[in-house]
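Heads up, the thing below is written out as structure tokens.
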Amino acid sequence: MSRRLPTLEEARAILSAKRTRPQRRPPPPAGRALNRYVRELDGKFGQGAGALSARWREIVGPEIARRTEPVKLVKGRNGGPSSLEIRVAGPAAAIIQHQAHEVLARVNVFLGPEAVQKLRIVQGPLHRTEPAPKRRPAPLDAAREAELAKSLADAPDGKLKDALMKLGRGVLKRSR
């Protein structure tokens, strides 16, 4: 048994009697709306953990920065002391532990007075973002280079002679 469809006037009457609601849409993600404000605040007051890791070498100095890296900055609950967790490469943890007061003082100079009260040291491998700069040793002077080439003049050309030249340069550089 099929139902008959309403006529055009009946359909208008039905629709005018019913109140329709707009389709419900979920709210946009809060992160999208807050991202702009967070960037503005970071520009004004931006001395957070991100700034700390970006300028770690400047803050603590090259010797400490070579052995450490900041992991996270933990704010204390209910006004409690905040702590900085740093990762230290291997046995250098004992040295860094003795320099903890110096590290805290330097970090507080950067972040503000009493920004960090505790230093938490965790041993582990460092995750370097930039490779350590490679130092190239100074080349041999021309007289020593000529002397080395003269001593290897009888050797046949090829990989062996190249390897001996490289070895000779290394030995002569160290003996300076």
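The values are calculated or read from the model by the stated rules, or taken from the named source; none is laboratory data. The model shown is predicted, which means the values in this text are computed figures rather than measured ones. No Cβ is skipped: glycine too gets one built from the backbone with ideal geometry, and neighbour counts run over all protein chains shown. To get the accessible areas, we keep the full protein, side chains included, count just its heavy atoms, and leave off ligands, DNA and RNA. Shrake-Rupley method; radii C 1.70, N 1.55, O 1.52, S 1.80 Å.
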**Complete:** With the dipole of the chain defined by +1 on each Lys or Arg Cβ and -1 on each Asp or Glu Cβ, the option from GLY168, GLY61, LEU73 whose Cα lies farthest towards the positive pole is LEU73
**Item:** DSSP bridge orientation in the chain - percent antiparallel, rounded to nearest 5
**Value:** 50
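If you keep only loop residues by DSSP, which GluC sites (Glu not before Pro) in segment 87-172 have at most 14 other Cβ atoms within 10 Å of their Cβ?
Numbers: sites: GLU102, GLU114, GLU145, GLU147; in loops: GLU114.
When the GluC sites (Glu not before Pro) of segment 87-172 are filtered for loop state and at most 14 Cβ neighbours within 10 Å, GLU114 remain.
Multiply the residue gap between ARG25 and ARG66 by 0.36 nm, knock off their C-alpha separation, and tell me the result in nm, one decimal place.
That pair, ARG25 and ARG66, stretches by 9.6 nm at full extension.
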**Request:** Compute the long axis of helix 8-17 from its Cα atoms, compare it with the longest principal axis of the Cα atoms of the chain, and write down the angle in degrees, 0 to 90, nearest 10.
**Result:** 70
**Prompt:** Distance in nm between label sites at LEU126 and LEU41, each 7 Å beyond Cα in the beta-carbon direction?
**Reply:** 3.2
**Asked** Carbon and sulfur: what percent of segment 1-111's accessible surface (1.4 Å probe)?
**Response** 55
**Request:** May I have the count of lysine pairs in the chain with C-alpha atoms under 20 Å apart, counting pairs 8 or more residues apart or located on different chains?
**Result:** 10
**Asked** Which of the trypsin sites (Lys or Arg not before Pro) found in segment 1-104 are in a DSSP loop and have at most 10 neighbouring Cβ atoms, other than their own, within 10 Å?
**Response** ARG3, ARG4, LYS18, ARG19, ARG24
**Prompt:** Tell me, how many Å apart are the Cα centres for segment 12-39 and for segment 84-108?
**Reply:** 51
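What is the magnitude of the charge dipole of the chain about its Cα centre, with +1 placed on the Cβ of each Lys and Arg, -1 on the Cβ of each Asp and Glu, and no other charges, expressed in debye to the nearest 20? Intermediate results must be reported in sequence, preceding the final value.
On the way: 36 positive and 17 negative charges, 210 e Å.
With only Lys, Arg, Asp and Glu charged at Cβ, the dipole is about 1000 debye.
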**Request:** Per DSSP H run of n ≥ 4, the term is -39500 (n - 2.57); total these for the chain, divide by its residue number, and report the mean residue ellipticity at 222 nm rounded to 500 deg cm²/dmol.
**Result:** -14500 deg cm²/dmol
**Item:** Cα convex hull volume per residue for the chain (Å³)
**Value:** 441
